[in-house]
Amino acid sequence: MLKNNRMGEKMKKRIAILTLILILNLFLFADVFEINLTRKERNLYKENQKNLLIQTRFCFEFAFAADAILKIDGLSKFVIFTNSGNKCDVKAIYKKIEINEQKKVVNVYKIEDGWYQIMGTDIYFLTTSCLNLSLSADVVLNVYKNNLGGMIQFDKYSNCSIEGFYSKI
């Protein structure tokens, strides 16, 4: 009986050590990137050098060309703003993509102010000064040649300029 108890204690110690090693690996092998962010909309920041958009959760940092650190550790992603020390959870990261010149009707879904997704695709776009309140709508999408943005038309009185097209990474 005493021998079985010692075996159980050894097994518990081994499991504890293995768990500790796994936890340390998660932190030691995290990817850390120095980035520069500008706030575009609520919970949406543009990385100024790599053409990325970072969507956050409940982030209230008003950043303009602010140095920050992006940390991705497999289990979580977050941004730490260097000057203020504020930490914001990252919901998603998007890279800028090229879209062929076109004009067609698409259904869009509003994710945040100025940030839309073309339904049924992995294509997102950022608008500038778009005051339309629709959460979901059929719109006329006009993509300019040479990937210079575009325009969406909600109705004959409501147009919004598109700054760029993005895909989730």
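Residue pairs whose Cβ atoms lie under 9 Å apart, separated by 6 or more positions or on different chains, with the first residue in the stretch 33-54 and among the charged types (D, E, K, R) and the second outside any strand (DSSP E or B) and modelled with pLDDT of 90 or more, are E34/T82; R39/C59; R39/E61; R39/F62; R39/A63; R39/F64; R42/C59; R42/F60. When the stretch 147-167 is filtered for residues that are in contact (Cβ under 8 Å) with a residue 24 or more places away in the chain, within 16 Å of K103 (Cβ to Cβ) and exposed (fewer than 15 other Cβ atoms within 10 Å of the Cβ), only S161 remains. Go through the stretch 110-126 and give me each residue that's free of Cβ contacts under 8 Å to residues at least 60 places away in the same chain, hydrophobic (A, V, I, L, M, F, W, C) and buried (at least 17 other Cβ atoms within 10 Å of the Cβ). Those that are free of Cβ contacts under 8 Å to residues at least 60 places away in the same chain, hydrophobic (A, V, I, L, M, F, W, C) and buried (at least 17 other Cβ atoms within 10 Å of the Cβ): I111, I118, I123, F125. Pairs are defined by a Cβ separation below 8 Å, a sequence spacing of at least 6 or placement on different chains, a first member in the stretch 70-95 that is under 25 Å from G164 (Cβ atoms), and a second member that is of a type in the set (G, A, S) and buried (at least 16 other Cβ atoms within 10 Å of the Cβ); the pairs so defined are V79/A68; F81/A63; F81/A66; F81/A68. Would you confirm, using the coordinates I've provided, whether N107 is over 20 Å from N36 (Cα atoms), surrounded by fewer than 17 Cβ atoms within 10 Å (Cβ to Cβ) and either of a type in the set (F, W, Y) or in contact with an Asp or Glu (Cβ under 8 Å, 6 or more places away or on another chain) (or both)? Here the answer is yes, as N107 does meet what is asked. Please determine whether any residue of the stretch 128-144 is crowded, with 19+ Cβ neighbours inside 10 Å, out of contact with any Phe, Trp or Tyr (no Cβ under 7 Å at 6 or more places or on another chain) and under 19 Å from K40 (Cα atoms). Looking through the stretch 128-144, at least one residue is crowded, with 19+ Cβ neighbours inside 10 Å, out of contact with any Phe, Trp or Tyr (no Cβ under 7 Å at 6 or more places or on another chain) and under 19 Å from K40 (Cα atoms).
For beta carbons closer than 9 Å, sequence separation of 6+ or different chains, a first residue in the stretch 127-143 that is acidic (D, E) and a second that is buried (at least 17 other Cβ atoms within 10 Å of the Cβ), the qualifying pairs are D138/V106; D138/V108; D138/F154. Evaluate the following for A92: is it within 30 Å of D138 (Cβ to Cβ), of a type in the set (G, A, S) and modelled with pLDDT under 95? Taking the combined requirement at face value, the residue satisfies it. When L148, L135, L141 are checked against the criterion of being modelled with pLDDT under 90 and closer than 25 Å to L52 by Cβ, a single residue qualifies: L148. Restricting attention to the stretch 69-100, the residues that are of a type in the set (S, T, Y), assigned to a loop (DSSP other than H, G, I, E, B) and surrounded by 13 or more Cβ atoms within 10 Å (Cβ to Cβ) add up to 1.
The values are calculated or read from the model by the stated rules, or taken from the named source; none is laboratory data. Please read these numbers as outputs of a predicted model, since none were measured by experiment. Neighbour counts are summed over all protein chains in view; Cβ atoms, including those assigned to glycine, are modelled from backbone coordinates with ideal geometry.
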